[in-house]
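For reference, the structure is listed below as structure tokens.
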Amino acid sequence: MSFSVTQFINQLPKTETHLHIEGALPWHLLEQINPEKFSTVPFFREPDFRYDSFEQFETILIDHALAFFDSPESYFEASKVIFENHLKQNVKYVETSFHAGMIEYLKVPGDEIIKAILAAVPSGLEVRVFLGISRNLYTKYLGPKLEAAISSWSELSGIDLHGLESLPMESWTAPFWQKARDYGKTVKAHAGEFGPAKNVLQAIEQLGVQRIQHGTKSIECEEVMAVVKDHNITFDMCPISNFKLRVIENWQDHPLPQFLEEKICCTLSTDDPFSFNNSLTEEYQVGYEKLGLGLPELARLASNGFKNADIDVNSKDFWLSEIHDHLLDFSV
Ligand SMILES: [Zn+2]
């Protein structure tokens, strides 16, 4: 990749709007707490490694995340490093989710986790925190806590449907997502990653989401593509995650270029950089090198992130015009 493209990507003001905080654990923090166990680079962080299945990915991530995240303070420590790394990459706005299951596992109030994450935000970065709720997580223990989360955790920006897409959407989900919207929360859902295109349709129609995390498989169904366009849905996409998890077999199968051609609003994120050993800058590089996107398309992906961002209109206009000028600088 030429020097000027690298420079263009590095200097481009960016957002990251699909990031699991536990899946963003910086490796060296694990190494610090247990140098003996975590000193060598594990096989799953080798550059050419690809996972066999979602279950393999999930097991490895959970095993490592639970070795580190044991308190709100641990979320603070990890978030500090994660957000500093965002600033180094010229990222200005981040939406990150934490896993609701951790509330039960750690036996700590979830709003303390949110406060810890937000306390780690450096100046120059805006961060919004979402609660990631797996498809089968509305249990006797967590149900009341999830209800409290949407009604009274003022620092919670929204909710995101997580977990295995092969699990059915349970009957509590649609009313709960509706209630969250009524409380003014932003709602998202993971869909069309491992599951079929119709999961994207279900998330739009039953959960009322505007924001789909991935949405990759939408390409397989014209009806779904039409609904996505009609409803101006955004796909917060993570190409390296899709490649490493074999959601796509080859780079040329990735639908991002076609989504952009069809004027679907897409953004770029890393998903779980602990597991994929990727950075946001590398996602843009992959867009250029593997997916054949030009600088105007890369600029559009960044602009889309700011258009959706939960920031005031002046800041939004500022970053959009910065991106516009940045593209002009590199177009001569
Ligand atoms: Zn994700």
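The values are calculated or read from the model by the stated rules, or taken from the named source; none is laboratory data. All values reported here derive from a predicted model rather than from experimental measurement. Note that each Cβ is placed from the backbone with ideal geometry, even for glycine, and that neighbours are counted across all protein chains shown.
Pairing residues of region 103-132 that are surrounded by 15 or more Cβ atoms within 10 Å (Cβ to Cβ) with residues that are basic (Lys, Arg) and not in a loop (DSSP other than H, G, I, E, B), at Cβ distances under 6 Å and at least 6 apart in sequence or on separate chains, gives Ile103/Lys145; Ala120/Lys80.
Conditions tested, residue by residue: (1) in contact (Cβ under 8 Å) with a residue 12 or more places away in the chain; (2) touching a His at 6+ places or on another chain (Cβ under 7 Å).
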{"site": "Val224", "(1), (2)": "yes, no"}
{"site": "Asp236", "(1), (2)": "yes, yes"}
{"site": "Ile240", "(1), (2)": "yes, no"}
{"site": "Leu245", "(1), (2)": "yes, no"}
{"site": "Glu249", "(1), (2)": "no, no"}
{"site": "Pro255", "(1), (2)": "yes, no"}
{"site": "Asn277", "(1), (2)": "yes, no"}
{"site": "Leu293", "(1), (2)": "yes, no"}
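Looking at the structure I just gave you, is Leu142 of a type in the set (A, V, I, L, M), in contact (Cβ under 8 Å) with a residue 24 or more places away in the chain and more than 26 Å from Asn85 (Cβ to Cβ)? So Leu142 fits the description; yes. Of all residue pairs spaced 6 or more apart or on separate chains, those with beta-carbon atoms under 9 Å, a first member in region 160-182 that is on the phi > 0 side of the Ramachandran plot and a second member that is within 16 Å of the ligand (Cβ to nearest atom) and part of a helix (DSSP H, G or I) are Gly163/Glu58. Of the residues making up region 6-30, those that are under 17 Å from Ser79 (Cβ atoms), away from the ligand (no atom under 16 Å from the Cβ) and among the aliphatic types (A, V, I, L, M) number 2.
For region 166-186, filtering for residues that are touching a strand residue (DSSP E or B) at 6+ places or on another chain (Cβ under 7 Å) and within 16 Å of the ligand (Cβ to nearest atom) leaves 1. List pairs: first in region 194-214 and aromatic (Phe, Trp, Tyr), second not in a loop (DSSP other than H, G, I, E, B), Cβ under 7 Å, 6+ apart or cross-chain? Going by the 7 Å Cβ cut-off, the qualifying pairs are Phe194/Phe54. Scanning region 27-63 for residues that are more than 27 Å from Trp251 (Cβ to Cβ) and within 19 Å of the chain's Cα centre (by Cα) yields a single hit, Ile62. The numbered conditions (1) touching a Cys at 6+ places or on another chain (Cβ under 8 Å); (2) exposed (fewer than 12 other Cβ atoms within 10 Å of the Cβ) are all true for Thr40 except (1).
Surrounded by fewer than 24 Cβ atoms within 10 Å (Cβ to Cβ), under 19 Å from Glu95 (Cβ atoms) and within 16 Å of the ligand (Cβ to nearest atom): does that describe Thr267? Criteria not met by Thr267.
Please verify whether Glu283 is more than 16 Å from the ligand (Cβ to nearest atom) and of a type in the set (Asp, Glu), treating the condition exactly as stated. Answer is no for this residue. Filtering region 209-226 for residues that are modelled with pLDDT of 95 or more, among the hydrophobic types (A, V, I, L, M, F, W, C), more than 26 Å from Glu249 (Cβ to Cβ) and within 16 Å of the ligand (Cβ to nearest atom) leaves a non-empty set. Of the residues in region 51-63, none is in contact (Cβ under 8 Å) with a residue 40 or more places away in the chain, of a type in the set (A, V, I, L, M, F, W, C), away from the ligand (no atom under 16 Å from the Cβ) and out of contact with any Ser or Thr (no Cβ under 7 Å at 6 or more places or on another chain).
Every condition in (1) under 16 Å from Phe274 (Cβ atoms); (2) touching a residue at least 40 places away in the same chain (Cβ under 8 Å); (3) not polar (S, T, N, Q) holds for Ile33 except the one numbered (2).
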